[in-house]
Amino acid sequence: GRRKDVINKLSSFKKLRPDLRFYTTIAYPEHSEVFEPHLDIRPFSGYAGKATREKTRAAGREFWIYSGASGYGKDALGDRFYRGIWARTLQLDGALDWAYISMGTPSQPFNDLIEESHRDNFTCWVFPGDDGPIPSPGWEGLREGIEDWRYICRLEKLIAKADSSNVPQLKILADEARNMLDNVFNDVDNSPIAHKKETVVNRERDKAPFNDPTFYQPFRRQMADYILRMKKEIPQ
(Lines give C-alpha, C1' and ligand atoms only; values in the text may rest on other atoms or scores of the structure.)
Protein backbone atom coordinates (compact mmCIF):
# COMPACT_ATOMS: atom_id res chain seq x y z
CA GLY A 1 0.00 0.00 0.00
CA ARG A 2 1.27 3.42 1.03
CA ARG A 3 4.67 2.15 2.19
CA LYS A 4 5.28 0.47 -1.16
CA ASP A 5 4.29 3.66 -2.99
CA VAL A 6 6.69 5.72 -0.89
CA ILE A 7 9.54 3.27 -1.50
CA ASN A 8 8.86 3.32 -5.23
CA LYS A 9 8.94 7.13 -5.27
CA LEU A 10 12.11 7.21 -3.20
CA SER A 11 13.71 4.78 -5.63
CA SER A 12 12.73 7.01 -8.57
CA PHE A 13 14.08 10.13 -6.84
CA LYS A 14 17.37 8.41 -6.09
CA LYS A 15 17.78 7.45 -9.74
CA LEU A 16 16.96 10.97 -10.90
CA ARG A 17 19.16 12.75 -8.34
CA PRO A 18 21.86 10.38 -7.09
CA ASP A 19 23.75 13.45 -5.84
CA LEU A 20 21.12 14.20 -3.17
CA ARG A 21 20.89 12.69 0.31
CA PHE A 22 17.48 11.57 1.54
CA TYR A 23 16.02 11.33 5.03
CA THR A 24 12.76 11.06 6.92
CA THR A 25 12.12 11.35 10.65
CA ILE A 26 11.85 7.99 12.46
CA ALA A 27 9.93 7.84 15.72
CA TYR A 28 10.80 4.36 16.95
CA PRO A 29 14.08 2.41 16.58
CA GLU A 30 12.29 -0.71 15.36
CA HIS A 31 11.31 1.23 12.24
CA SER A 32 14.90 2.05 11.33
CA GLU A 33 15.03 -0.27 8.31
CA VAL A 34 11.61 0.53 6.90
CA PHE A 35 12.84 2.59 3.93
CA GLU A 36 16.07 0.76 3.17
CA PRO A 37 18.04 1.09 0.98
CA HIS A 38 16.79 4.55 0.00
CA LEU A 39 17.58 6.69 3.06
CA ASP A 40 21.02 8.17 3.61
CA ILE A 41 20.19 9.81 6.94
CA ARG A 42 18.20 8.40 9.83
CA PRO A 43 16.93 11.16 12.18
CA PHE A 44 15.39 9.52 15.24
CA SER A 45 13.30 11.09 17.95
CA GLY A 46 14.40 10.89 21.58
CA TYR A 47 13.68 7.18 21.51
CA ALA A 48 17.14 6.61 20.02
CA GLY A 49 19.90 5.08 22.10
CA LYS A 50 23.20 3.25 21.81
CA ALA A 51 21.66 0.23 20.08
CA THR A 52 20.01 2.52 17.52
CA ARG A 53 23.31 4.24 16.85
CA GLU A 54 25.17 0.95 16.36
CA LYS A 55 22.53 -0.39 13.98
CA THR A 56 22.60 2.83 11.96
CA ARG A 57 26.39 2.85 11.79
CA ALA A 58 26.40 -0.79 10.66
CA ALA A 59 24.03 0.14 7.83
CA GLY A 60 26.37 2.92 6.72
CA ARG A 61 23.77 5.62 7.38
CA GLU A 62 24.16 8.96 9.15
CA PHE A 63 22.81 9.03 12.70
CA TRP A 64 20.73 12.11 13.55
CA ILE A 65 18.15 13.05 16.17
CA TYR A 66 15.20 15.43 15.97
CA SER A 67 12.94 17.13 18.45
CA GLY A 68 10.53 14.28 19.10
CA ALA A 69 11.20 14.21 22.84
CA SER A 70 11.90 17.86 23.39
CA GLY A 71 9.91 20.35 25.42
CA TYR A 72 9.09 22.40 22.30
CA GLY A 73 10.24 25.64 23.89
CA LYS A 74 8.78 25.01 27.34
CA ASP A 75 11.64 23.10 28.90
CA ALA A 76 14.84 25.11 28.61
CA LEU A 77 16.80 22.75 30.85
CA GLY A 78 15.77 19.71 28.82
CA ASP A 79 16.54 21.46 25.54
CA ARG A 80 20.00 22.35 26.81
CA PHE A 81 20.70 18.77 27.87
CA TYR A 82 19.22 17.41 24.64
CA ARG A 83 21.44 19.52 22.37
CA GLY A 84 24.59 19.35 24.47
CA ILE A 85 25.57 16.45 26.71
CA TRP A 86 22.98 14.06 25.31
CA ALA A 87 23.96 14.77 21.70
CA ARG A 88 27.63 14.25 22.54
CA THR A 89 27.11 10.91 24.30
CA LEU A 90 25.23 9.62 21.25
CA GLN A 91 28.04 10.78 18.92
CA LEU A 92 25.60 12.25 16.43
CA ASP A 93 26.24 13.16 12.81
CA GLY A 94 23.49 15.80 12.87
CA ALA A 95 20.42 17.19 14.61
CA LEU A 96 17.26 18.99 13.56
CA ASP A 97 14.10 20.44 15.09
CA TRP A 98 10.55 20.86 13.91
CA ALA A 99 7.38 22.59 15.10
CA TYR A 100 3.74 22.91 14.07
CA ILE A 101 2.15 26.06 12.71
CA SER A 102 -1.61 25.87 12.25
CA MET A 103 -3.14 27.78 9.37
CA GLY A 104 -6.66 26.79 10.37
CA THR A 105 -7.07 29.25 13.24
CA PRO A 106 -5.89 32.75 12.20
CA SER A 107 -6.37 34.10 15.73
CA GLN A 108 -4.01 31.41 17.10
CA PRO A 109 -1.33 30.93 14.43
CA PHE A 110 0.86 28.92 16.76
CA ASN A 111 -1.82 26.55 17.95
CA ASP A 112 -1.04 22.89 17.42
CA LEU A 113 -2.34 21.33 14.21
CA ILE A 114 -4.14 18.70 16.25
CA GLU A 115 -6.96 19.96 18.47
CA GLU A 116 -6.52 17.02 20.85
CA SER A 117 -2.82 17.74 21.32
CA HIS A 118 -1.44 17.53 24.84
CA ARG A 119 1.39 19.96 24.12
CA ASP A 120 -0.46 22.94 25.61
CA ASN A 121 -0.48 24.63 22.18
CA PHE A 122 3.12 25.68 22.63
CA THR A 123 5.04 24.00 19.85
CA CYS A 124 7.39 26.66 18.55
CA TRP A 125 10.72 27.88 19.81
CA VAL A 126 10.41 31.40 18.38
CA PHE A 127 7.29 33.59 18.15
CA PRO A 128 6.58 36.74 16.15
CA GLY A 129 6.67 40.03 17.99
CA ASP A 130 5.97 43.65 17.10
CA ASP A 131 9.68 44.44 17.09
CA GLY A 132 10.96 41.11 15.74
CA PRO A 133 11.15 37.46 16.77
CA ILE A 134 10.63 36.58 20.43
CA PRO A 135 12.67 33.53 21.54
CA SER A 136 11.21 31.06 23.99
CA PRO A 137 13.13 29.77 27.04
CA GLY A 138 13.61 26.54 25.11
CA TRP A 139 15.23 28.41 22.21
CA GLU A 140 17.80 29.82 24.60
CA GLY A 141 18.20 26.33 26.05
CA LEU A 142 18.98 24.95 22.60
CA ARG A 143 21.56 27.67 22.04
CA GLU A 144 23.21 26.93 25.39
CA GLY A 145 23.22 23.19 24.67
CA ILE A 146 24.91 23.70 21.30
CA GLU A 147 27.47 25.91 23.03
CA ASP A 148 28.09 23.15 25.61
CA TRP A 149 28.72 20.76 22.73
CA ARG A 150 31.24 23.17 21.20
CA TYR A 151 33.14 23.40 24.48
CA ILE A 152 33.16 19.61 24.75
CA CYS A 153 34.46 19.19 21.20
CA ARG A 154 37.15 21.82 21.71
CA LEU A 155 38.33 20.19 24.92
CA GLU A 156 38.34 16.71 23.39
CA LYS A 157 40.47 17.95 20.48
CA LEU A 158 42.99 19.37 22.94
CA ILE A 159 43.00 16.10 24.88
CA ALA A 160 43.73 14.19 21.67
CA LYS A 161 46.54 16.61 20.86
CA ALA A 162 47.98 16.19 24.35
CA ASP A 163 47.98 12.41 24.00
CA SER A 164 50.50 12.71 21.18
CA SER A 165 52.57 15.33 23.00
CA ASN A 166 55.71 14.95 25.09
CA VAL A 167 54.86 17.82 27.44
CA PRO A 168 54.36 16.31 30.95
CA GLN A 169 52.12 19.06 32.34
CA LEU A 170 49.94 18.97 29.22
CA LYS A 171 49.44 15.22 29.65
CA ILE A 172 48.52 15.68 33.31
CA LEU A 173 45.91 18.31 32.41
CA ALA A 174 44.58 16.10 29.60
CA ASP A 175 44.09 13.18 32.00
CA GLU A 176 42.28 15.41 34.47
CA ALA A 177 40.04 16.86 31.76
CA ARG A 178 39.30 13.41 30.34
CA ASN A 179 38.28 12.10 33.76
CA MET A 180 36.08 15.14 34.32
CA LEU A 181 34.25 14.57 31.02
CA ASP A 182 33.98 10.82 31.57
CA ASN A 183 32.40 11.35 34.98
CA VAL A 184 29.66 13.39 33.29
CA PHE A 185 29.17 11.14 30.26
CA ASN A 186 29.10 7.98 32.38
CA ASP A 187 26.01 9.33 34.14
CA VAL A 188 24.08 9.17 30.85
CA ASP A 189 22.33 5.86 30.20
CA ASN A 190 21.99 5.14 26.46
CA SER A 191 20.21 1.82 26.88
CA PRO A 192 16.83 1.27 25.12
CA ILE A 193 13.62 2.56 26.68
CA ALA A 194 11.52 0.26 28.82
CA HIS A 195 8.25 1.16 27.10
CA LYS A 196 7.02 3.54 24.41
CA LYS A 197 5.49 6.00 26.85
CA GLU A 198 9.01 6.80 28.03
CA THR A 199 11.63 8.73 26.08
CA VAL A 200 15.33 8.18 26.64
CA VAL A 201 16.04 11.91 26.58
CA ASN A 202 13.43 12.79 29.20
CA ARG A 203 14.44 9.83 31.36
CA GLU A 204 18.02 11.07 31.52
CA ARG A 205 17.17 14.77 31.77
CA ASP A 206 14.99 14.06 34.82
CA LYS A 207 17.75 12.51 36.90
CA ALA A 208 20.69 14.05 38.75
CA PRO A 209 22.83 15.91 37.91
CA PHE A 210 21.13 16.87 34.65
CA ASN A 211 17.88 17.96 36.32
CA ASP A 212 19.74 20.59 38.35
CA PRO A 213 19.98 24.02 36.67
CA THR A 214 23.06 24.83 38.77
CA PHE A 215 25.03 21.94 37.22
CA TYR A 216 25.54 23.34 33.72
CA GLN A 217 27.41 26.59 34.18
CA PRO A 218 30.05 25.15 36.54
CA PHE A 219 30.49 22.28 34.08
CA ARG A 220 31.13 24.74 31.27
CA ARG A 221 33.49 26.80 33.44
CA GLN A 222 35.47 23.64 34.18
CA MET A 223 35.79 22.94 30.48
CA ALA A 224 36.80 26.53 29.75
CA ASP A 225 39.42 26.40 32.50
CA TYR A 226 40.98 23.23 31.12
CA ILE A 227 40.91 24.61 27.57
CA LEU A 228 42.79 27.76 28.61
CA ARG A 229 45.31 25.92 30.79
CA MET A 230 46.04 23.30 28.13
CA LYS A 231 46.47 25.87 25.39
CA LYS A 232 49.17 27.57 27.48
CA GLU A 233 51.12 24.29 27.67
CA ILE A 234 51.00 23.51 23.94
CA PRO A 235 54.37 24.30 22.33
CA GLN A 236 54.11 27.14 19.84
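The values are calculated or read from the model by the stated rules, or taken from the named source; none is laboratory data. Remember, predicted model here, so these are calculated numbers, not experimental data. Cβ sites come from the backbone with ideal geometry, for glycine too, and all protein chains shown count toward neighbours. The accessibility values were calculated without ligands, DNA or RNA, using every heavy atom of the protein model including side chains. Shrake-Rupley method; radii C 1.70, N 1.55, O 1.52, S 1.80 Å.
Could you check the stretch 56-77 and list, in sequence order, the residues that are part of a helix (DSSP H, G or I) and either in contact with a helix residue (DSSP H, G or I) (Cβ under 7 Å, 6 or more places away or on another chain) or surrounded by fewer than 17 Cβ atoms within 10 Å (Cβ to Cβ) (or both)? Scanning the stretch 56-77 gives R57, A58, A69, A76, L77.
If you filter the stretch 13-30 down to residues that are at pLDDT below 90 and not in a loop (DSSP other than H, G, I, E, B), you find that the one that is surrounded by the most Cβ atoms within 10 Å (Cβ to Cβ) is I26. Listed by position, the helices (runs of 4 or more DSSP H) enclosed by the stretch 137-236 that each have at least 1 residues that are touching a strand residue (DSSP E or B) at 6+ places or on another chain (Cβ under 6 Å) and surrounded by 14 or more Cβ atoms within 10 Å (Cβ to Cβ) are 137-163. Residues in the stretch 31-50 that are under 19 Å from D97 (Cα atoms), of a type outside the set (K, R) and not in a loop (DSSP other than H, G, I, E, B): 3 in all.
Taking every residue in the stretch 175-195 that is closer than 17 Å to A48 by Cα and in contact (Cβ under 8 Å) with a residue 12 or more places away in the chain and pairing it with any residue that is open to solvent by less than 90 Å² (accessible area, probe 1.4 Å) and of a type in the set (G, A, S), at least 6 positions away or on another chain, the pairs with Cβ-Cβ distances below 7 Å are N190/G49; S191/G49; P192/G49; P192/A51. Of everything in the stretch 39-51 that is touching a residue at least 24 places away in the same chain (Cβ under 8 Å) and over 13 Å from the mean Cα position of the chain (by Cα), the residue that is surrounded by the most Cβ atoms within 10 Å (Cβ to Cβ) is L39.
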